[in-house]
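In what follows, a single structure is set out as structure tokens and then discussed.
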Amino acid sequence: MLIAIGSLLLAASTSALPSASAAQEACPRPQPGSTVEEPADLRSTNGVLEVTLTARNSRQSDGTTRYCYTDAEGRESPNLRVSPGDEVIIHLKNALTDQEPADHAAAHMHHQSNDADTKRLCTSTLVMSPVSTNLHFHGLTIPPTCHEDDVMKTSLQPGDAPFEYRFRIPQDEPPGLYWYHPHIHGFSKEQVLGGASAALIVEGIERARKEVAGLAERVFIIRDQDLMHPNAQPAASEPVVPKFMVDKDGDSANNGTGFGKPAKDLSINYVPVPYPDYPPGVIHMRPGEKQLWRVLNASAITYLNLEVLFGGSPQPLGLVAMDGVPIDRNGIGGDPVNWQRHFGVPPGARVEFILQGPPQGETGLLVTRSVDTGPGGENDPNRTLAEIVASPTAAEPRSTLQRIPQPLSPPRETWLGEVEPVRVRHLYFSEKLADPNAPQSADEFYLTVDGQTPKMFDMNSEIPNIVAQQGTVEDWIIENRSSELHAFHIHQLHFLLLQYTGHDVRENFLRDTVNVPYFNGHTLSYPSVRLRMDFRDPNTIGTFPYHCHLLEHEDKGMMGSIRVEPAEVNSSPTSQAAESGRVKTAPQEKSLRR
Ligand SMILES: [Cu+2]
């Protein structure tokens, strides 16, 4: 009897902690319903942030695999906090272990290179396999080169010496929320779905948006993961969903109702919120306190539509930055704080907003509303993420923004919306059965420049799909010819959304990821977005990808590459040589007359 009571007490006192066995393995995770703790902050000192990150994984008894980064002290997926001008040095170690040897058959073998110098890992010697890894710094305008933000040729294998990333945060990098994650073509989804992702914060948002000066700030990372209870029936409180379908990946397909089994579970700062009952994580705040919430959708395949409810009513949320860039940064007009009741957040995107906490005695809810991903998409239903509990004794958040910040000078460059584009390009998302006569054959995913042949992205190709010139601005019209939602993302730069499904949108902020709505089979034209792409920054020079940020689409081919050439390309003899070797075979570009 005593023993039984003892074990009950033990169970009660450790209920919020990972089980003892889990704590000893890589990537421990909190239990559902736990308090939402924030990642550790690693801050730069004297202009330098130097950190060792180890990519780890551990196979769970249910067959899923967790992934994470740990620093030298074992802190899991820490926030990297830097200021413009800082140098960042990351020693990345690959401690991934072989989870499914059979997958190695699918490894992408690259041709051999004789280079054995320190850039060995950035040439094309490389295997890209489930245990290869690298880092992408999503949103930062840093060069797409070896040891900085190259993902096309950088691949680190288990057992390799630590790989050094070393780059400078540009002086004019907008202050806000960025993030880092692996970007191994063909295997990004598994690692990100397992939890390999974390925040990178460029400090000083209060210098750009004085409305947040003095506020406490919170960092919330929403990730997705395989269902903890895949065989459970939906909760009895939900409306009955007429149909249940599974897609080719075994994920629950969109049923169009906003309810039913989701394709993936979600977590908030690694606190899982599993289907079917969605026990919320717990966020503590002081009653009525105003805070800056920085929310990242680090999901591999799940779209979010975030809302905060008090007593069932949606609360005003004051957007101050989108995808790391403060809104109305050039002061061209529009609201300096964009008050909304909900935010659509595609995988990869970030929203930073002012939220006033619930009054004393009331509890709020952070939820995601369902997202209609189209008849070909996954099911992203309505669900709770966290309960917001107001209490006068709530601990103050770790970070508070400066009360009297030195205002940031506005960017020197003209607002993107006022720059004439040098050309218009047309691209489109599409999907096709690998064998058109076999409905059960795999789907192939394409992101194609109009006029080129749709092809799954080939890492080994040295020929970029698009060649652009640094110093210029272009308009890209991106269509969706498939029956599911896609999320367009490009590395190294931000763009301005000009049109959404044919309607002008006058956004006073930039993005690096945007939804492109699905084709329902009935409209006369395909849905599209029109984006103004900014190649003015010299850091965009180089070759880098653009792709769908649903990582299972990216892994299966929905990606293309762009080479941004230096502005003076036509006068330099070396680039003329490159031109004769490459540019002639580059795709045709559409001119403005289209
Ligand atoms: Cu997609």
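The values are calculated or read from the model by the stated rules, or taken from the named source; none is laboratory data. Predicted model, so just to flag it, every value in this text is computed and none were measured. Here the Cβ positions follow ideal geometry from the backbone for every residue, glycine too, while neighbour counts run over all protein chains shown. Calculation scope for accessible area: heavy atoms of the full protein, side chains included, ligands and nucleic acids excluded. Shrake-Rupley method; radii C 1.70, N 1.55, O 1.52, S 1.80 Å.
Suppose we keep only residues that are out of contact with any strand residue (DSSP E or B) (no Cβ under 7 Å at 6 or more places or on another chain) and among the aliphatic types (A, V, I, L, M) within region 130-187. Which one would you say is least open to solvent (accessible area, probe 1.4 Å)?
Among those residues, the one meeting the criterion is 131.
Scanning for something open to solvent by 60 Å² or more (accessible area, probe 1.4 Å), within 26 Å of residue 496 (Cα to Cα) and of a type in the set (A, V, I, L, M, F, W, C), does region 408-421 turn up at least one residue?
Of all residues in region 408-421, those open to solvent by 60 Å² or more (accessible area, probe 1.4 Å) come to 408-410, 412-414, 418, 420.
From what is left, the residues that are within 26 Å of residue 496 (Cα to Cα) are 408-410, 412-414, 418, 420.
From what is left, the residues that are of a type in the set (A, V, I, L, M, F, W, C) are 408.
Yes, because at least one residue in region 408-421 is open to solvent by 60 Å² or more (accessible area, probe 1.4 Å), within 26 Å of residue 496 (Cα to Cα) and of a type in the set (A, V, I, L, M, F, W, C).
Which residues, counting only those in region 356-396, are out of contact with any strand residue (DSSP E or B) (no Cβ under 8 Å at 6 or more places or on another chain) and either assigned to a strand (DSSP E or B) or crowded, with 23+ Cβ neighbours inside 10 Å (or both)?
381
How many residues, within region 194-228, are among the aliphatic types (A, V, I, L, M) and in contact with a His (Cβ under 7 Å, 6 or more places away or on another chain)? So that I can check it myself, show each step before the final result.
We begin by selecting, within region 194-228, every residue among the aliphatic types (A, V, I, L, M); these are 196, 198-202, 205, 208, 212-213, 215-216, 219, 221-222, 227-228.
Pick out the ones that are also in contact with a His (Cβ under 7 Å, 6 or more places away or on another chain) and you get 196.
Final tally of qualifying residues: 1.
Which pairs do you get when a residue that is assigned to a strand (DSSP E or B), found in region 255-275, comes within reach of a residue that is hydroxyl-bearing (Ser, Thr, Tyr), reach meaning Cβ atoms under 6 angstrom, with the pair 6+ apart or on two chains?
Correct list of pairs: 265/275; 271/34.
Out of all the residues in region 501-510, is one or more under 26 Å from residue 563 (Cβ atoms) and either open to solvent by 30 Å² or more (accessible area, probe 1.4 Å) or not assigned by TED's automatic domain parsing to the domain that holds residue 322 (or both)?
yes
Residues that are in contact with a Lys or Arg (Cβ under 8 Å, 6 or more places away or on another chain) and at pLDDT 90 or above, at least 3 per element: which strands (runs of 3 or more DSSP E) completely within region 113-182 meet that?
Working: elements: 136-138, 163-168, 176-181.
Fully inside region 113-182 and qualifying: 176-181.
Residue by residue, here is whether (1) away from the ligand (no atom under 16 Å from the Cβ); (2) open to solvent by 30 Å² or more (accessible area, probe 1.4 Å) holds:
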position	(1), (2)
474	yes, no
493	yes, no
499	yes, yes
512	no, no
527	no, no
530	yes, yes
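Would you point out which residue out of 381, 375, 346 is over 27 Å from residue 139 (Cβ atoms), in contact (Cβ under 8 Å) with a residue 24 or more places away in the chain and within 20 Å of the chain's Cα centre (by Cα)?
381
Assigned to a strand (DSSP E or B), open to solvent by 10 Å² or more (accessible area, probe 1.4 Å) and more than 30 Å from residue 128 (Cβ to Cβ): is that true of residue 207 in this structure?
The answer is no for residue 207.
Right, residue 544: crowded, with 23+ Cβ neighbours inside 10 Å, within 16 Å of the ligand (Cβ to nearest atom), modelled with pLDDT of 95 or more and not in a loop (DSSP other than H, G, I, E, B) or not?
Values: crowded, with 23+ Cβ neighbours inside 10 Å: yes; within 16 Å of the ligand (Cβ to nearest atom): no; modelled with pLDDT of 95 or more: yes; not in a loop (DSSP other than H, G, I, E, B): yes.
So residue 544 fails the test.
Which of the residues belonging to region 422-444 are farther than 27 Å from residue 496 by Cα and either within 16 Å of the ligand (Cβ to nearest atom) or part of a strand (DSSP E or B) (or both)?
Taking region 422-444 first, the residues farther than 27 Å from residue 496 by Cα are 432-444.
Answer for region 422-444, where residues must be farther than 27 Å from residue 496 by Cα and either within 16 Å of the ligand (Cβ to nearest atom) or part of a strand (DSSP E or B) (or both): 432, 433, 442, 443, 444.
Would you be able to tell me the number of residues in region 43-94 that are crowded, with 21+ Cβ neighbours inside 10 Å and aliphatic (A, V, I, L, M)?
7
Collect the residues in region 285-300 that are surrounded by fewer than 24 Cβ atoms within 10 Å (Cβ to Cβ) and assigned to a loop (DSSP other than H, G, I, E, B), keeping them in residue-number order.
Within region 285-300, 286, 287, 288, 289 qualify.
Among 319, 309, which is open to solvent by 10 Å² or more (accessible area, probe 1.4 Å) and assigned to a strand (DSSP E or B)?
309
Consider residue 523 against the criteria (1) open to solvent by 10 Å² or more (accessible area, probe 1.4 Å); (2) touching a residue at least 24 places away in the same chain (Cβ under 8 Å); (3) more than 12 Å from the ligand (Cβ to nearest atom); (4) polar (S, T, N, Q): it satisfies all of them except one. Which criterion is unmet?
It fails just one condition, (2).
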